[in-house]
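See structure below.
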Amino acid sequence: MKPTPCNRPAGSFPESVISLDLGATKLAAGLFDRTGRLRLKRVVALNGRSGEAVGELMAREAKRLHSAAAREQLSVWALGACVPGIAHPKTGRVWAPNIPGWTDYPLRDELRGALAGTEIPVVMDSDRAAYILGEVWQGAARGCRNAVFLSVGTGIGAGVLVEGEVLRGAHGSAGSIGWWALSRPFHPAYVPCGDFEYHASGAGLARVAADWVSRMPDYRGPLKRRRELTAHDVFAAYAAGDLVAAGVLHEASEYWGAACANLVSLFNPEKIIFGGGVFGPATQFLRDIRLEARKWAQPVAIRRARFEISRLGSDAGLFGAGYLAWRAVRE
């Protein structure tokens, strides 16, 4: 049965879709028209929510946008959502390690319940898939058939496009490159998030900086804080000329470059697109990252691969979830 959104006759109002992008610390919600224009957007901090409270927040924002669409005289035809983990399309359940209680959460049922009576499709995917799909739809990967979105924020992941299709793997975890082994030897601290993410994510930058400072009793620089350090502190200290911050970010650039080398050698992409909260301020290291990647990567592939910053910024996941929703309408 074809959807009849907002309980109005099909075609009576311009079409739109609801988009939900869940991160580790916030939820972005938006309304897209068919041209890819973001008509409405709202960002809500999770503020420590976990388990069902996060699902209820997403459901509440979906209802809010559905009502807002009616006020804007837009008909809602689908809902797309992305999560920081694994979304199982058959069951509609999700696993998200940064959301306590989401080891097998019935998110699709929650969202369908919020829009009961509308009969619109609800589709979900990982944030990794959404990032690259958003760039394909409206960003730096338009026209690409082989591209990678490297997301560095609270965690690290990669959205991989191969011959025009997102690579998801046998169980939906393809692109979880935060677990890549880039160091030796193995350390038990890598178990929760992986070696690469431990050292070079946003949380990793703060962690490494704090470790360096703890081993330097004579250090009196800006990273000597009583409160817990953040990645923002590291970048601010680097801008002020702090040598510890410079060392931490040089090391991180080596990790990012090695990861890009592996991505280029494995997938031979046209582009690697950098996004997430760290890129951002880490954009200034793009040349260093490429130079590091050239040391390690397959030589023909790395010469032809372009390194670019996301054109969608923090909205890449939101655009990707919107694209998922429009694709569900077409299908």
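Relative contact order of region 204-331, please, whole-number percent, based on alpha carbon pairs below 8 angstrom and at least 6 residues apart. Kindly include the intermediate steps, with their values, before the conclusion.
Details: 121 pairs, mean separation 29.1, N = 128.
For region 204-331, the relative contact order is 23 percent.
As an exercise, identify the chymotrypsin sites (Phe, Trp or Tyr not before Pro) in region 136-190 lying in DSSP coil whose Cβ has no more than 11 other Cβ atoms within 10 Å. Spell out each step's value before the answer.
Numbers: sites: TRP137, PHE149, TRP179, TRP180, PHE186, TYR190; in loops: TRP180, PHE186.
Taking region 136-190 and a limit of 11 other Cβ atoms within 10 Å, the loop chymotrypsin sites (Phe, Trp or Tyr not before Pro) found are PHE186.
Note down the magnitude of the dipole of region 78-226 about its Cα centre, charges +1 on Lys and Arg C-beta and -1 on Asp and Glu C-beta and zero elsewhere, to the nearest 20 debye.
540 debye
Rounded to a whole number, what % of the accessible area of the chain do carbon and sulfur atoms account for, probe 1.4 Å? Mind showing how you got there, number by number?
Details: 7880 of 15380 Å².
About 51 percent, which is the carbon plus sulfur part of the accessible surface.
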Rounded to whole Å and ordered largest first, report the semi-axes of the equivalent ellipsoid of region 104-144 derived from its Cα gyration tensor (root of 5λ). 28, 13, 6
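Around GLU110, under 11 Å between beta carbons, what's the net of Lys plus Arg minus Asp minus Glu among the other residues?
After counting each charged neighbour, the total is +1.
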Region 193-244: Rg to Rh, with Rh as the Kirkwood radius over Cα pairs: 0.96
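Based on DSSP loop calls and a cut-off of at most 15 other Cβ atoms within 10 Å, the longest stretch of the chain free of exposed trypsin sites (Lys or Arg not before Pro) is what?
Working: sites that count: ARG34, ARG37, LYS90, ARG142, ARG145, ARG215, ARG220, LYS224, ARG225, ARG226, ARG227.
So the longest stretch without any such site is 228-331.
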Using Cα-Cα distances under 8 Å and only pairs 6 or more residues apart, what relative contact order does the chain have, in percent? 20 percent
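Past 32 Å, Cα to Cα: identify those pairs from LYS63/LYS271; LYS224/LYS271; LYS26/LYS271; LYS224/LYS295, in the order given.
Numbers: LYS63/LYS271 37 Å; LYS224/LYS271 39 Å; LYS26/LYS271 28 Å; LYS224/LYS295 34 Å.
Listed pairs above 32 Å: LYS63/LYS271; LYS224/LYS271; LYS224/LYS295.
Report the charge-dipole magnitude of region 79-141 in Debye, nearest 20, computed about the Cα centre from +1 at each Lys and Arg Cβ and -1 at each Asp and Glu Cβ. Intermediate results must be reported in sequence, preceding the final value.
Numbers: 5 positive and 7 negative charges, 22 e Å.
With only Lys, Arg, Asp and Glu charged at Cβ, the dipole is about 100 debye.
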For region 167-306, the Cα gyration tensor yields equivalent-ellipsoid semi-axes (√(5λ), largest first, whole Å) of 28, 18, 13
Computed magnitude of the charge dipole of region 235-331 (debye, nearest 20; Cβ of K, R +1, Cβ of D, E -1): 500 debye
In Å, what Rg and Dmax follow from the Cα atoms of region 251-326? 13.4, 41
Accessible area expressed per residue, the chain, with surrounding protein chains retained (probe 1.4 Å, Å²): 46 Å²
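What Kirkwood hydrodynamic radius, in Å, does region 94-208 give when the mean of 1/r is taken over all pairs of distinct Cα atoms and then inverted?
Working: mean 1/r = 0.0626 Å⁻¹.
The Cα-based Kirkwood calculation yields 16.0 Å.
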Enter the per residue convex hull volume of the chain, computed from alpha-carbon coordinates, in Å³ rounded to the nearest integer. 139 Å³
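The values are calculated or read from the model by the stated rules, or taken from the named source; none is laboratory data. Quantities reported herein were computed from a predicted structural model and do not represent experimental measurements. Neighbour counts are summed over all protein chains in view; Cβ atoms, including those assigned to glycine, are modelled from backbone coordinates with ideal geometry. Remember, those area values only see protein heavy atoms, side chains included, never the ligands or the DNA or RNA. Shrake-Rupley method; radii C 1.70, N 1.55, O 1.52, S 1.80 Å.
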